[in-house]
Amino acid sequence: MEGKTPFEFDRYTAANLSPELLERVTSLEEDIRSATDKDVVLIAYEESDHNPA
């Protein structure tokens, strides 16, 4: 991505979830999708070690 600043794209990284927690997130996505008939994606993230802010 040309012209990106480190702050915009490097501040957060995907969270490292256990398989059990990942299954819970996926199950919740499916429950919400079923209840709303909408595509749903839940994102788990954490601040990265590289935080220029």
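Of all residue pairs spaced 6 or more apart or on separate chains, those with beta-carbon atoms under 9 Å, a first member in the range 20-47 that is of a type in the set (S, T, N, Q) and a second member that is surrounded by 10 or more Cβ atoms within 10 Å (Cβ to Cβ) are T26/L42.
Out of the residues in the range 1-18 meeting the condition of being among the hydrophobic types (A, V, I, L, M, F, W, C), at pLDDT 60 or above and in a loop (DSSP other than H, G, I, E, B), tell me which one is least open to solvent (accessible area, probe 1.4 Å).
Our first condition is that a residue be among the hydrophobic types (A, V, I, L, M, F, W, C); within the range 1-18, this holds for 1, 7, 9, 14-15, 17.
Next, only the ones that are at pLDDT 60 or above stay: 9, 14-15, 17.
Then keep just the ones that are in a loop (DSSP other than H, G, I, E, B); that gives 15, 17.
Values: A15: 30, L17: 59 Å².
My answer is A15.
The values are calculated or read from the model by the stated rules, or taken from the named source; none is laboratory data. These numbers come from a predicted model, not from an experiment. Note that each Cβ is placed from the backbone with ideal geometry, even for glycine, and that neighbours are counted across all protein chains shown. Keep in mind that these areas ignore ligands, DNA and RNA; they rest on the heavy atoms of the full protein, side chains included. Shrake-Rupley method; radii C 1.70, N 1.55, O 1.52, S 1.80 Å.
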